[in-house]
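Working notes, beginning with the structure itself.
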Amino acid sequence: MGNSGRSAGRTAAGRFIDFKAMGPFMALVALFVLGALINDAFLSSGNLSNIFTRSAFIGIIAVGATFVITAGGIDLSVGSMAAFISGAMIVVMNTLIATLGAGVETVLLGIAVSVVLGVAAGAINGLVTTRGKIEAFIVTLGTMGIYRSLVTYMADGGTLSLDFAIRDTYRPLYYGDILGIPVPVVVFFAVAVGGYVLLNMTPFGRKCFAIGSNEQVARYSAIHVDRIKTLTYVIQGLCVSIATIIYVPRLGSASSSTGVLWELEAIAAVIIGGTMLKGGYGRIWGTVIGAIMLTTIGNILNLTDVISNYLNGAVQGLIIIVAVLLQRGDWRRKKN
Amino acid sequence: MKNAAKNAAEPVVSGQLRLSARQICKSFGAAQVLFDVPIDLYAGEVHALLGENGAGKSTLVKILSGYHAPDSGEIVLDGSPVSFDSSEDGEARGIILIHQELNLADQLTVEENIFLGREMTRGWFLDKAAMRDEAARLLAGLQCDIDPCTRIRDLPVSDRQMVEIAKALSKQADILILDEPTAVLTGREVDILFDQIRRLRERGVAILYISHKLDEIKAIADRVTVLRDGSHITTQAVAGLEKDDMARLMVGRDIAQMFPDQIADPSAPVVLSVRNLSVPGQVYDAGFDLRRGEVLGFAGIVGAGRTALMEAIIGLRPRSSGAILRDGQPVVIDNLRDAGRCGIAYLTKDRKGSGLLLNMEMRPNLTLLALDRFGRFLLNRKAEDAALEKAIAAFDIRAADRTTKVGDFSGGNQQKLLLAKVMECNPDIVIIDEPTRGIDIGTKSQIYHFIGDLTAQGKSVILLSSEMTEMLGLSDRIIVMAAGRITGILDGEDRTEHQIMRHATGISDNQGVSVHG
């Protein structure tokens with residue numbers, strides 16, 4: 001144990017910190033190289049556009065989850081919430097066709113309903129957590145069951161289908177493009193930029209970091225802890241609503257199996273991206289890359305026979321665990 | 001044996017040489033924190049380790065107890081060289097370090113903590129009764145009446161310290177290292193701890209006692225080793241040393257003036273009045289006036305309700321009654337924001353638990369309380385950086401670089417940063433709770449002068465402290481609390497340790513208030 005040994009350790013720690021910031025991005029690049037090697041079709045513009053479009057749902061929800069998790073909370077209800085909002089949108093729009101017709105107004109009203117429900121559902125999660133002083137895990141586990149059963153009830157155990165009359169009007173929100181970029185990707189990017197600005201450049205974002213880092217310190221720093229925490233759940237609800245708005249025209253239906261396990265994928269995207277699950281540190285761009293990675297894994301497995309597509313979940317799970325292991329290694333180093 | 005210091009430092013007691021270290025060097029990264037440091041520890045002695053923050057005391061004892069490996073140098077235990085792989089290794093040899101930061105599991109009971117990892121069992125099951133009895137016996141030996149079934153989170157910090165000591169004793173430590181054990185203890189608890197230390201010394205335990213409280217070293221230690229900037233300065237018998245000598249050895253220079261001159265004008269206008277304030281179960285009918293430019297001290301034993309009263313004033317704790325007047329006008333303060341609007345700021349005594357975000361760097365910590373000043377929608381990083389620049393200069397915060405996590409700072413630098421954070425919202429009234437807990441004498445003096453500067457600028461300070469010297473040295477007037485009530489207001493010549501203790505322990509009766517006021 002000489003001086004040199006110690007400074008070598010220091011260099012390694014330095015590399016780790018670098019890896020922490022760049023890690024998810026490097027892993028994504030590696031995945032893309034792997035994909036390109038496995039199948040020429042991987043880098044085709046059609047396939048890439050498919051990956052990014054598919055990433056948009058989980059990605060948008062995960063941007064919201066980044067706020068909740070950074071502020072030390074967790075929201076397990078997002079998948080059920082998405083299913084419930086999808087169902088409610090379809091019911092409302094189908095009903096409105098009779099009076100308003102199958103025009104843009106009906107779609108806009110459907111979107112408005114989605115936003116109101118998303119914000120309201122998020123506010124419920126947030127208020128019950130903060131006012132009731134109940135663990136977020138428990139509250140959102142409860143609302144997860146509630147939102148899920150509400151959509152099952154609305155669909156009477158079956159499937160709610162969007163009226164074909166309005167599908168053509170609504171269709172461009174998923175299948176359309178702006179300057180050649182699919183609409184969902186544009187929306188995803190916009191949400192990510194908005195999320196980045198809000199989390200990293202505003203007093204609100206700084207307060208999320210502070211609360212997740214140490215709630216007591218935040219309270220002693222004149223921060224309205226309950227208000228900020230509730231707002232993170234509202235942002236989460238809003239993100240679920242936005243994701244749902246572009247999801248509904250894709251299949252045009254909602255059932256009790258809509259959005260199942262989305263909460264886990266969203267949380268996984270956040271964690272892979274380098275946000276601390278215990279709060280206090282969050283990275284929107286990491287989350288975006290995490291969401292794209294999860295979709296890319298599934299995509300690559302689809303393009304190869306080496307690993308069965310049925311093992312998609314196993315590969316994702318492995319990557320989540322490795323990502324967290326790398327983060328933890330970094331933290332242990334810093335303590336010394 | 002070739003150390004110059006050794007000759008001047010034959011043990012005062014005639015025990016066996018138990019543990020000795022030679023030429024210990026240690027670096028963290030590029031920074032060397034220990035330079036060829038020697039130390040000897042004999043059975044039956046209390047050996048004090050004295051030095052400013054950052055002098056290398058904690059690193060040295062972590063090396064002695066196996067938490068760190070030295071880069072070079074030798075550790076000899078009972079005549080044979082040893083190298084510990086881990087602290088468990090050290091503990092197995094009877095060397096136990098009680099950390100400055102307590103290591104107790106909050107959610108477990110006292111008994112469970114004491115026997116954590118070495119539970120007593122009967123067959124396959126825990127023998128709870130035996131552990132409870134043993135825990136109770138150990139605690140009784142320390143003369144503290146903590147129920148072994150209490151959860152740690154329900155205990156005050158001082159009791160937690162006692163639990164740590166009981167835990168160490170239960171491990172049959174015969175070399176006990178205490179890293180600033182009294183930082184969170186009150187006077188009475190310190191006395192009990194010292195009795196216990198003396199008893200351990202009689203039993204032949206070798207005790208290494210880290211502190212920068214010179215009184216304590218005078219009271220308890222046989223020998224003292226002084227470290228400064230990672231180097232061994234001297235090892236001497238305490239008997240021949242005066243406190244001034246120790247301070248000079250530790251700081252390396254004379255501390256010309258520990259406290260600022262007091263200049264409060266007794267006829268200055270009252271800026272804050274509190275009337276009939278009560279917090280259920282904690283504060284009863286408290287009232288006082290704070291004048292412009294004065295330091296108003298609040299003395300009392302732990303649990304007297306001083307912190308509760310202050311937290312109630314600034315809206316962190318619900319009050320059942322009471323009125324607050326700012327410059328004579330009644331104000332409503334329901335939360336810290338209201339307090340901030342009234343120009344009142346609070347500096348917590350728990351800088352790690354409620355003061356600073358330890359996993360973040362300086363900038364977000366500095367601006368957190370006054371965040372709205374740095375932009376309504378977008379934060380102005382440039383303004384934040386400028387504020388940090390100013391604060392570092394104004395409060396002499398010494399950090400290697402700006403990206404260092406605040407948790408890695410020394411206690412003194414953390415406290416300076418906390419002070420800077422609170423001053424960032426430019427308050428007229430600052431309530432400071434324990435401004436120098438766990439801080440070395442040089443930094444202490446700096447902080448006292450910062451407080452002096454505040455009052456010189458016309459700001460008013462409310463000072464809560466359990467350190468008598470700083471209470472007497474800084475305060476213009478001293479309010480004493482006992483059991484949730486104000487029992488005395490001491491002014492001028494009355495500001496003595498004796499008077500404070502009389503009122504704090506309830507020897508005087510409450511009618512004294514108006515007479516003294």
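The values are calculated or read from the model by the stated rules, or taken from the named source; none is laboratory data. Bear in mind the structure is a predicted one, so any value in this text is a computation, not a measurement. Cβ atoms come from the backbone with ideal geometry, glycine included; neighbour counts cover every protein chain shown. With ligands, DNA and RNA removed, areas are computed over all heavy atoms of the protein, side chains included. Shrake-Rupley method; radii C 1.70, N 1.55, O 1.52, S 1.80 Å.
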Worksheet, complete the sentence: With criteria (1) away from chain B (no Cβ under 14 Å); (2) closer than 19 Å to A:Leu127 by Cα, A:Ile228 comes up short on (1)
Worksheet item: What is the one condition in (1) within 14 Å of another protein chain (Cβ to nearest Cβ); (2) more than 23 Å from B:Ala383 (Cα to Cα); (3) in contact with a Gly (Cβ under 6 Å, 6 or more places away or on another chain) that A:Gln236 does not satisfy?
Response: (1)
Item to complete: Kindly indicate whether B:Thr443 is at pLDDT below 90, surrounded by 22 or more Cβ atoms within 10 Å (Cβ to Cβ) and not assigned by TED's automatic domain parsing to the domain that holds B:Leu356.
Response: yes
Worksheet item: Which of (1) buried (at least 20 other Cβ atoms within 10 Å of the Cβ); (2) farther than 29 Å from B:Ala483 by Cβ is the odd one out, the single condition B:Ala268 does not satisfy?
Response: (1)
Worksheet item: In this structure, is A:Ile242 over 18 Å from the mean Cα position of the chain (by Cα) and either surrounded by 24 or more Cβ atoms within 10 Å (Cβ to Cβ) or over 18 Å from A:Ala136 (Cα atoms) (or both)?
Response: no
Worksheet item: Filtering segment A:173-188 down to residues that are farther than 22 Å from A:Gly259 by Cβ and in contact with a helix residue (DSSP H, G or I) (Cβ under 7 Å, 6 or more places away or on another chain), which residue is nearest to the other protein chains (Cβ to nearest Cβ)?
Response: A:Ile178
Worksheet item: Just checking, how many residues over segment A:189-218 are open to solvent by 50 Å² or more (accessible area, probe 1.4 Å), farther than 16 Å from B:Phe374 by Cα and either at the interface with another protein chain (Cβ under 7 Å from one of its Cβ atoms) or touching a strand residue (DSSP E or B) at 6+ places or on another chain (Cβ under 9 Å) (or both)?
Response: 2
Worksheet item: Given the residues B:Ile301, B:Ile344, which is the only one that is open to solvent by less than 10 Å² (accessible area, probe 1.4 Å) and under 29 Å from the mean Cα position of the chain (by Cα)?
Response: B:Ile344
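Among the residues of segment B:458-517, how many are part of a helix (DSSP H, G or I) and either under 19 Å from B:Thr348 (Cα atoms) or modelled with pLDDT of 80 or more (or both)? Step through it out loud before you land on a result.
Residues of segment B:458-517 part of a helix (DSSP H, G or I): B:468-474, B:492-494, B:497-504, B:512-516.
Subsequent filtering for residues that are either under 19 Å from B:Thr348 (Cα atoms) or modelled with pLDDT of 80 or more (or both) retains B:468-474, B:492-494, B:497-504.
Summing the residues that are part of a helix (DSSP H, G or I) and either under 19 Å from B:Thr348 (Cα atoms) or modelled with pLDDT of 80 or more (or both) in segment B:458-517 gives 18.
Taking the residues in segment B:109-118 that are outside any helix (DSSP H, G or I), within 24 Å of B:Gly66 (Cβ to Cβ) and modelled with pLDDT of 85 or more as candidates, determine which candidate is least open to solvent (accessible area, probe 1.4 Å).
Of the residues in segment B:109-118, the ones outside any helix (DSSP H, G or I) are B:109, B:115-118.
Next, only the ones that are within 24 Å of B:Gly66 (Cβ to Cβ) stay: B:115-118.
From the residues that got through so far, the ones that are modelled with pLDDT of 85 or more too are B:115-116.
On the way: B:Phe115: 9, B:Leu116: 78 Å².
If we take residues in segment B:109-118 being outside any helix (DSSP H, G or I), within 24 Å of B:Gly66 (Cβ to Cβ) and modelled with pLDDT of 85 or more, then B:Phe115 is least open to solvent (accessible area, probe 1.4 Å).
What number of residues within segment B:215-231 are at negative phi and open to solvent by less than 20 Å² (accessible area, probe 1.4 Å)?
Within segment B:215-231, residues that are at negative phi and open to solvent by less than 20 Å² (accessible area, probe 1.4 Å) number 9.
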Discussion item. If I ask for residues that are closer than 23 Å to B:Leu34 by Cβ and touching a helix residue (DSSP H, G or I) at 6+ places or on another chain (Cβ under 6 Å), which ones from segment B:248-268 would you list?
Written reply: B:Val251
Item to complete: Give the residues of segment B:84-99 that are closer than 12 Å to B:Lys62 by Cβ and open to solvent by 10 Å² or more (accessible area, probe 1.4 Å), sorted by residue number.
Response: B:Phe84, B:Ser86, B:Ser87, B:Leu97, B:His99
Worksheet, complete the sentence: If we ask which residues in segment B:82-105 are under 22 Å from B:Ser211 (Cα atoms) and of a type in the set (S, T, N, Q), their number turns out to be 3
Fill in: segment B:354-380, residues that are more than 8 Å from chain A (Cβ to nearest Cβ) and open to solvent by 20 Å² or more (accessible area, probe 1.4 Å)
B:Glu361, B:Arg363, B:Arg373, B:Asn380
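For segment A:194-304, list the helices (runs of 4 or more DSSP H) that sit wholly inside it and hold at least 3 residues that are in contact (Cβ under 8 Å) with a residue 24 or more places away in the chain; which are they? First the steps, then the outcome.
Values: elements: A:203-213, A:215-220, A:225-251, A:262-272, A:284-303.
Hits in segment A:194-304: A:203-213, A:225-251, A:262-272, A:284-303.
I'd like to know if segment B:168-188 contains one or more residues that are free of Cβ contacts under 8 Å to residues at least 24 places away in the same chain and either crowded, with 18+ Cβ neighbours inside 10 Å or in contact with a Leu (Cβ under 9 Å, 6 or more places away or on another chain) (or both). Break it down into steps so the answer makes sense when it comes.
First pass over segment B:168-188, keeping only residues free of Cβ contacts under 8 Å to residues at least 24 places away in the same chain: none.
So far as segment B:168-188 goes, no, none of its residues is free of Cβ contacts under 8 Å to residues at least 24 places away in the same chain and either crowded, with 18+ Cβ neighbours inside 10 Å or in contact with a Leu (Cβ under 9 Å, 6 or more places away or on another chain) (or both).
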Discussion item. For the condition more than 7 Å from chain A (Cβ to nearest Cβ), hydrophobic (A, V, I, L, M, F, W, C) and touching a residue at least 60 places away in the same chain (Cβ under 8 Å), what is the one hit in B:Ile333, B:Ile324, B:Ile344, B:Ile392?
Written reply: B:Ile344
Worksheet item: Out of curiosity, is B:Gly297 away from chain A (no Cβ under 14 Å), in contact with a helix residue (DSSP H, G or I) (Cβ under 9 Å, 6 or more places away or on another chain) and at positive phi?
Response: no
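Kindly establish whether A:Gly72 is touching a residue at least 12 places away in the same chain (Cβ under 8 Å), in a helix (DSSP H, G or I), small (Gly, Ala, Ser) and open to solvent by less than 50 Å² (accessible area, probe 1.4 Å). Quick ask: steps written out before the conclusion?
On the way: touching a residue at least 12 places away in the same chain (Cβ under 8 Å): yes; in a helix (DSSP H, G or I): no; small (Gly, Ala, Ser): yes; open to solvent by less than 50 Å² (accessible area, probe 1.4 Å): yes.
When the stated conditions are applied, A:Gly72 does not pass them.
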